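The values are calculated or read from the model by the stated rules, or taken from the named source; none is laboratory data. Since we're looking at a predicted model, the values are computed, not measured. No Cβ is skipped: glycine too gets one built from the backbone with ideal geometry, and neighbour counts run over all protein chains shown. Ligands, DNA and RNA are excluded from the accessible area calculation, which covers all protein heavy atoms including side chains. Shrake-Rupley method; radii C 1.70, N 1.55, O 1.52, S 1.80 Å.
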Protein chains: 2
Amino acid sequence: MKKLINKPDDVVREELEGIQIAHPDMVKVFFDPNYIVRADAPVEGKVGIVSGGGSGHEPLHGGFVGMGMLDAACPGAVFTSPTPDQMLEATKAVDGGAGVLHIVKNYTGDVLNFEMAADLAADEDIEVEAVVTNDDVAVQDSLYTAGRRGVGVTVLLEKIAGAAAEQKRPLKDVAEIARRVNAQGRSMGMALTSCTVPTAGKPTFDLPEDEMEIGIGIHGEPGRSRMKVKSAAEITEMLATPILEDLPFEESDEVLAFVNGMGGTPLIELYIIYNELSKILDKRGIKIVRNLIGPYITSLEMAGCSITLLKMDEELLHLWDAPVNVPALRWGI
Amino acid sequence: MKKLINKPDDVVREELEGIQIAHPDMVKVFFDPNYIVRADAPVEGKVGIVSGGGSGHEPLHGGFVGMGMLDAACPGAVFTSPTPDQMLEATKAVDGGAGVLHIVKNYTGDVLNFEMAADLAADEDIEVEAVVTNDDVAVQDSLYTAGRRGVGVTVLLEKIAGAAAEQKRPLKDVAEIARRVNAQGRSMGMALTSCTVPTAGKPTFDLPEDEMEIGIGIHGEPGRSRMKVKSAAEITEMLATPILEDLPFEESDEVLAFVNGMGGTPLIELYIIYNELSKILDKRGIKIVRNLIGPYITSLEMAGCSITLLKMDEELLHLWDAPVNVPALRWGI
């Protein structure tokens with residue numbers, strides 16, 4: 001295992017220390033239990049937004065804490081759900097009196113733990129709504145999941161719901177918008193290589209030197225099929241077609257197109273995938289009105305990509321374009 | 001070779017097509033010769049800033065074209081200097097009457113070609129100044145380089161000189177600021193793995209499964225030494241010490257600390273390196289006043305990192321904090 005780490009057991013704690021030292025203007029980091037909150041939390045009268053999940057998907061979720069996105073993130077161990085006490089403390093820390101929205105990726109551990117945290121928060125008179133993302137069209141049920149997995153849509157949802165909360169909309173509205181984003185978004189991913197969980201010390205799965213896996217999960221869970229590595233054009237088609245046919249996306253739809261890197265794939269390749277995707281959508285008369293290209297929901301150093309399409313409407317566009325100030329998008333101060 | 005590409009020869013062209021389609025609000029892309037200019041170029045009365053170099057270091061340079069940074073970038077083939085005709089066309093496209101600054105990383109091909117382009121531009125009555133970056137303390141002379149290599153400082157310089165140009169300062173001043181950034185900045189990098197140039201089809205160098213290379217260049221040029229993989233703390237020390245002692249950086253200095261990913265290294269590891277770096281600087285009484293953490297000057301999918309320290313002063317801080325709007329930092333519109 002080749003990684004820029006010290007002890008495998010210390011990876012998450014030391015990463016959080018790095019975030020704390022790097023971004024004190026934006027976030028506060030708490031330890032034992034671990035959670036990250038925006039520096040000015042709680043914001044009076046604003047719905048607090050909390051997400052979280054296993055570490056190893058950075059910048060998701062900690063890099064998205066700040067003005068216009070999340071109020072808090074709960075990082076678990078690598079690829080392991082955070083615990084209810086992390087979620088409860090984060091929920092309490094961001095409660096500004098308008099209730100708290102939990103954004104939960106659909107993995108069994110995350111869902112159960114967030115439910116338990118919501119119950120505990122209710123005992124302390126904090127109103128909580130939960131939205132579960134399940135946008136991955138690759139497989140129904142999987143390792144760690146009943147139903148579909150929550151993947152790329154989570155990034156977009158955190159931005160859009162965050163903007164709605166920033167406008168001081170009530171909890172019910174923010175939750176409704178978040179559910180609409182999940183309902184209108186679909187994703188699928190693929191891997192060229194595996195990744196290695198630091199405490200495991202060896203690759204999560206084996207993939208021969210000339211093969212790829214289509215439909216992979218963000219923890220390396222099995223996808224749809226393995227095959228010889230194909231061209232960028234063929235790979236994009238294999239990801240885009242199931243996405244397009246699932247919602248379905250139709251002629252004259254306006255979409256946000258998100259090409260995500262899995263962590264070990266350079267930007268130059270993501271732009272090639274985006275170029276192919278734009279041709280596919282163009283042929284179907286679907287218009288890309290916004291895009292996002294880069295590594296935003298990753299799987300450690302896995303090489304590969306995922307595509308997420310989100311059907312946009314005027315309200316979602318407006319919220320997508322709203323200002324945001326979070327570590328993952330930081331430059332300068 | 002596992003990559004998300006079509007034909008190896010088409011990588012750069014298709015990447016540029018992707019950029020063109022993705023960011024028409026920010027940049028215009030021209031082909032044969034290839035160059036990227038900001039959408040509103042030329043800006044009347046503003047010094048135009050042109051950089052460029054081999055592709056494979058994305059987002060450098062094309063991702064930095066836009067308000068507050070570069071007016072144009074010239075992408076060569078992967079790890080290959082662009083040609084004088086690309087540089088000349090870019091220079092003409094961004095000349096707003098106040099002259100043009102060329103930002104050149106110190107590699108023999110880049111330096112010669114930018115000199116030739118400057119001569120050709122002079123024939124067309126465009127005043128050009130060139131600033132050469134040579135911040136890599138790892139080695140003196142190297143494959144492709146006489147003297148030190150230009151690496152991470154280039155990113156910071158493009159931001160800071162770009163801000164100075166945006167204020168409509170004269171060419172002489174913008175060039176002076178750029179030279180100061182180069183003079184006050186030092187870098188060093190390391191690799192855990194090699195990278196593969198698409199047209200070569202095999203790794204640029206071989207690195208055994210348990211070894212790393214310290215002082216590596218951004219094209220995989222040889223560094224200072226190979227050794228067994230060490231801890232993040234030891235690696236950071238091995239990179240930071242030669243940087244600190246070279247300028248030298250001294251107690252009570254204020255610095256911008258830039259931890260750069262080489263393309264295949266996930267963000268979680270970069271924050272661990274940043275955490276170690278902050279401890280080292282703290283011990284020496286050096287204060288980090290700004291930071292940048294992420295993959296900004298990469299080497300395709302190479303795993304590894306580099307550290308750049310830039311000694312700051314009030315003017316550089318002010319310019320660093322100025323607004324910027326470029327594809328590499330894009331979110332939403």
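Data overview
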quantity	calculated
Solvent-accessible area, 1.4 Å probe, carbon plus sulfur percent, for region A:186-311	47
Accessible area per residue, Å², region B:11-183 with all protein chains present, probe 1.4 Å	31
Using distinct alpha-carbon pairs, which all enter the 1/r mean, Kirkwood radius of region A:197-256 in Å	13.8
Chains A and B together, accessible area buried on both sides, 1.4 angstrom probe, square angstrom	5300
Neighbourhood charge, 14 Å Cβ-Cβ cut-off, centred on B:Ile160 and excluding it, Lys, Arg +1 and Asp, Glu -1	-3
Accessible surface, per residue, of region B:190-304 when the full set of protein chains is kept, probe 1.4 Å, Å²	34
Sorted peptide list for B:123-130, A:300-307, criterion being average Cβ within 10 angstrom, highest first	A:300-307, B:123-130
Distance (nanometres) between label positions extended 7 Å along Cα→Cβ at A:Asp141 and B:Asp123	7.3
Carbon plus sulfur fraction of accessible area for region A:11-183, probe 1.4 Å, in percent	53
Inter-site label distance for B:Asp25 and B:Arg226 at 7 Å from Cα along Cβ, in nm	4.8
In nm, spacing of pseudo-spin labels at B:Ser252 and A:His318 (7 Å Cα→C-beta vector)	5.4
Mean-position separation - Cα centroids, region B:254-309 and region B:10-44, in angstrom	29
Positive-end residue, chain B charge dipole about Cα centroid, Cβ charges, pick of B:Val11, B:Asn325, B:Thr298	B:Thr298
Helix-only CD estimate at 222 nm, as mean residue ellipticity for the protein assembly as shown, using -39500 (n - 2.57) per DSSP H run (n ≥ 4)	-10000 deg cm²/dmol
Cα shape, region A:1-144, gyration tensor, a/c 1.5 rule	oblate
Gyration tensor verdict on region B:53-211 (Cα atoms; rounded if a/c is under 1.5, prolate if a/b is larger than b/c, oblate otherwise)	prolate
Percentage relative contact order, region A:194-239, counting C-alpha pairs under 8 Å, at least six apart	27
Shape box of region B:31-83 [Cα atoms, principal axes, largest first, Å]	33, 21, 15
Chain A, relative contact order in percent, only Cα pairs under 8 angstrom and at least six apart counted	18
Distant-in-sequence amide H partners of B:Glu211 (H built 1.01 Å from N, under 5 Å)	B:Val229
Prolate/oblate/rounded label for region B:186-311 (Cα gyration tensor, a/c 1.5)	prolate
10 Å Cβ neighbours from other chains, averaged over peptide B:54-62	2
Packing-based order for B:37-44, A:59-66, A:75-82, using average beta carbon neighbours within 10 Å, highest first	A:59-66, A:75-82, B:37-44
Cβ-vector label at 7 Å, B:Gly45, separations to other copies in nm	4.2
Radius of gyration, Dmax [the protein assembly as shown; alpha carbons; angstrom]	23.6, 78
Protein-protein interface of region B:17-31, residues with accessible area decrease of at least 50 Å², isolated chain reference, 1.4 Å probe	B:Ile21
For residues of B:131-138, the mean tally of beta carbons on other chains within 10 Å	0
The protein assembly as shown - charge dipole about Cα centre, Lys and Arg +1 at Cβ, Asp and Glu -1, debye rounded to 20	480
Peptides B:108-121, A:204-217, A:150-163 ordered by average Cβ neighbours within 10 Å, highest first	A:150-163, B:108-121, A:204-217
Normalised contact order of region B:11-183, rounded percent, pairs of Cα under 8 Å and 6 or more residues apart	21
B from A by rotation - nearest chain A beta carbon to the axis, in Å	A:Gly264, 2
Peptide A:288-295 - average C-beta neighbours from other chains (10 Å radius)	5
Tail weight of P(r) past 38 Å, computed on alpha-carbon pairs of chain A, percent	10
